[in-house]
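S.K.: Here it is: the structure, laid out below.
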Amino acid sequence: MNILLVYPEFLVTFWSWKHLLRFVAKKAAFPPHGLATIARMLPKSWTKRLVDLNVKALTDEDIKWADYVFVSAMITQKDSANQVISRAKALGKPVVLGGPIIETGLDEFDNVDHLFIGEAEETLPEFLTDLAAGSPRRIYASLRFPDIASSPIPLWKGLVDASNYASMMAQFCRGCPYGCTFCNIAKVNGKKPRMRSNECFFAELDEIYDTGFRGAVLLADDNFIANKAKAKILLGELALWQQERDFPFEFTVEAAIVISDDEELMGLMVQAGFKKVFLGLETNNPDTLAEFEKHQNLGRDLVADVKRIQAAGLIPMSGFIVGADADNPDVFAQEMIDFIQSSGIVMAMVGVLQAPTDSKLYHRLSQEGRLVDVASGNNTDYYPNFVPKMPLEKLVSGYKEIVQTIYSPRKYYERIREFLKEYGGHKRPQKPLTKLDFLAFLRSVWWIGLFGGLKPSYYYWKSLALALLKYRKAFADVVAFQIYGVHFRSVTKAIIKP
C-alpha cells in the first residue's frame, strides 16, 4: 500500500513566520507533526511519502503513485486543502481528511472519502481494521479523549527533511483546565490535562536529535503547565538530557500567566533550555477579561507578571484580542497600544476576536443571532465572524491603528529597550553561536541594516548598539527580535493596505 501524506499550504499570518525564513535559510516554520504521527501509526509494510506544500510542490506523479491520499489541515489551510482534494479526486484517488479543518463543517467535504473527527489514537486503528476487512466507513469520530501516555512518536527519519524547517515540534500534554469563552480547546482536547509519559517524550526528542536537527523546538501543548507537578518532574529530567547533549534544543511553549507566581517553575524551565513562552494575555481591560471568563488573568498586575517572567530569563510572547462586547470603541486601540508597550513584549500578536466552532462564545452568539460565518482561523483577519457591538468600521480602523503603531520601527525598538531592562538572559545556559546564527546575523545586517527597504535601519543599529553597550549577553536575542520585526512589519503592511 502506497500512502501519500499531504500538508496543505498556510496563509501568511503572524504564526507563519513567512518573512523571516530567508534569514535562516529555511523553507517553512514548522513540520507537519500530526501527519508524521499518522505515518508512525500506519503499518510498517506500507510505503509512505510526505509532501509539505509549504516546502515543495505536489506533482501529479506523487498523486498517481498513491493508493490513498491523507490530508491533515488547520482552518487557515482550507483553500490549499481543497485544491489537493480536488486534484486527488480528479486522478481517481481516495482521500482521507482530518485535523481542525473539520470544524468548518462536514458538508464542505462531500468529495472526501473518509473523514476523521477527533484524535487519531482513537480513530485510525478503527479505520485500519475496517480497511483490512474491505469495508471502511466514511466518518470516524472519537467519542472520548484517549490516554496519550504512550502516544506514538512522529516518524521524522526517512519521511521529513528536518533541515527545511526553522523549528521542529514535539508534544508533552493535551488539554487545558481553563474555560476561556473564545477558545474551543476544552471541547476539542478536554479540560483535564492528559500527559505523555516522560519516557515517551524523551523518545520523541531522541528521534528529532537523530535527524541531526539542532535549534528551536515548539512544544505543541495547549498549556504546558496544565499539571505543574508533572511538568516540574519533566523539566528536571530534561535539564539533564540537554546537558548531556550540549543543549541541542531551545524550547518554545504555551503557558498561562500564572507561571509568574512560581519562581521554581520558571527556574526549571530556564535550566531545561526553555526560551520563549507564549502567553494568552488578551487584554488588560478587566471587563473584557470577565466577558472572556479568563479568570486566571483577573485581579493581577499583568505587566508586573510579564516582567517577572522576563527577569527569570524567559522571553514572553503573547496574543492580544480586540472586538469584545466590553471593549470601549473610543479608547480600546490606545489602551491596547499602551498595554503592549508597557509590558515590553516584543513579539505581540494582536487579532480581532473570532468565535471558533463549539466555543462558549460561538454558542452564545448563535443564540443571540449574531453569527455570520465560521471562524477563519487567521489571526490577521480583521473581520470577525459575528456582528460586533461596536461599529465595524471603528473596530477595523482601531485594529489597523494598533498593529501599524506597535510594529513601527520606533515603537518596536522601545519595546526591545523595555524588555532588556528586565531580561535575566544571563541565567540561561550559555552555548556558542552556530554557523546558522552567524549567517542570520550577516543577512540581518545586509537586509535590515543596509538595504532592507522597510526603512527600519536606524532603529536596527540603535537596538544593536544598546545591546552591545549595556546588555551584551542579550545581543543574539536583539538580532533575532529585529529579524522577527521584518516579518511583523510585512504582515502589517498587508493588513493595513487599502
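The values are calculated or read from the model by the stated rules, or taken from the named source; none is laboratory data. Keep in mind that this is a model prediction, so the values were computed, not measured. Neighbour counts are summed over all protein chains in view; Cβ atoms, including those assigned to glycine, are modelled from backbone coordinates with ideal geometry.
S.K.: Would you mind finding the one in 206, 287 that is assigned to a helix (DSSP H, G or I), surrounded by fewer than 22 Cβ atoms within 10 Å (Cβ to Cβ) and without any contact (Cβ under 8 Å) to a residue 12 or more places away in the chain? Write out each step before concluding.
M.R.: On the way: 287 fails: without any contact (Cβ under 8 Å) to a residue 12 or more places away in the chain.
Unique residue meeting the criteria: 206.
S.K.: Okay, moving on. For segment 295-309, does any single residue satisfy the condition of being β-branched (Val, Ile, Thr) and under 15 Å from residue 235 (Cα atoms)?
M.R.: First, the residues of segment 295-309 that are β-branched (Val, Ile, Thr): 303, 306, 309.
Then keep just the ones that are under 15 Å from residue 235 (Cα atoms); that gives none.
The answer is no, given that none of the residues of segment 295-309 is β-branched (Val, Ile, Thr) and under 15 Å from residue 235 (Cα atoms).
Conditions tested, residue by residue: (1) modelled with pLDDT of 95 or more; (2) surrounded by fewer than 19 Cβ atoms within 10 Å (Cβ to Cβ).
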{"position": "370", "(1), (2)": "yes, yes"}
{"position": "377", "(1), (2)": "no, no"}
{"position": "380", "(1), (2)": "no, no"}
{"position": "383", "(1), (2)": "no, yes"}
{"position": "386", "(1), (2)": "yes, no"}
{"position": "392", "(1), (2)": "yes, yes"}
{"position": "426", "(1), (2)": "no, yes"}
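S.K.: Kindly establish whether residue 76 is in contact with a Gly (Cβ under 7 Å, 6 or more places away or on another chain) and of a type in the set (S, T, N, Q).
M.R.: On the way: in contact with a Gly (Cβ under 7 Å, 6 or more places away or on another chain): yes; of a type in the set (S, T, N, Q): yes.
When the stated conditions are applied, residue 76 passes them.
S.K.: Tell me whether segment 420-434 contains one or more residues that are farther than 30 Å from residue 269 by Cα and either without any contact (Cβ under 8 Å) to a residue 24 or more places away in the chain or in a helix (DSSP H, G or I) (or both). Break it down into steps so the answer makes sense when it comes.
M.R.: Residues of segment 420-434 that are farther than 30 Å from residue 269 by Cα, as a first pass: none.
No, there is no match, as no residue in segment 420-434 is farther than 30 Å from residue 269 by Cα and either without any contact (Cβ under 8 Å) to a residue 24 or more places away in the chain or in a helix (DSSP H, G or I) (or both).
S.K.: Only one of 457, 408 is of a type in the set (S, T, N, Q), surrounded by fewer than 19 Cβ atoms within 10 Å (Cβ to Cβ) and not assigned by TED's automatic domain parsing to the domain that holds residue 241; which? Break it down into steps so the answer makes sense when it comes.
M.R.: Numbers: 408 fails: not assigned by TED's automatic domain parsing to the domain that holds residue 241.
After applying the criteria, what remains is 457.
S.K.: Also: Kindly list the number of the only condition in (1) outside any loop (DSSP other than H, G, I, E, B); (2) under 24 Å from residue 26 (Cα atoms) that fails for residue 186.
M.R.: (2)
S.K.: Now for a separate question. If I go through segment 244-278 residue by residue, how many of them are in a strand (DSSP E or B) and not aromatic (Phe, Trp, Tyr)?
M.R.: Step one: filter segment 244-278 for residues in a strand (DSSP E or B), giving 249-255, 274-278.
Then drop every residue that is not not aromatic (Phe, Trp, Tyr), which leaves 250, 252-255, 275-277.
The total comes to 8.
S.K.: Determine which single condition residue 165 fails, assuming it passes every other condition in (1) in the same structural domain as residue 274 (by TED's automatic domain parsing); (2) crowded, with 19+ Cβ neighbours inside 10 Å; (3) at pLDDT 95 or above.
M.R.: (1)
S.K.: I've got another one for you. Determine the pairs where a residue that is over 13 Å from residue 224 (Cβ atoms), located within segment 164-177, has a partner that is among the small types (Gly, Ala, Ser) and assigned to a loop (DSSP other than H, G, I, E, B) with Cβ atoms under 9 Å apart, the partner being 6 or more residues away or on another chain.
M.R.: Once the first residue is over 13 Å from residue 224 (Cβ atoms) and sits in segment 164-177, its partners that are among the small types (Gly, Ala, Ser) and assigned to a loop (DSSP other than H, G, I, E, B) give 165/29; 166/29; 167/29; 169/220.
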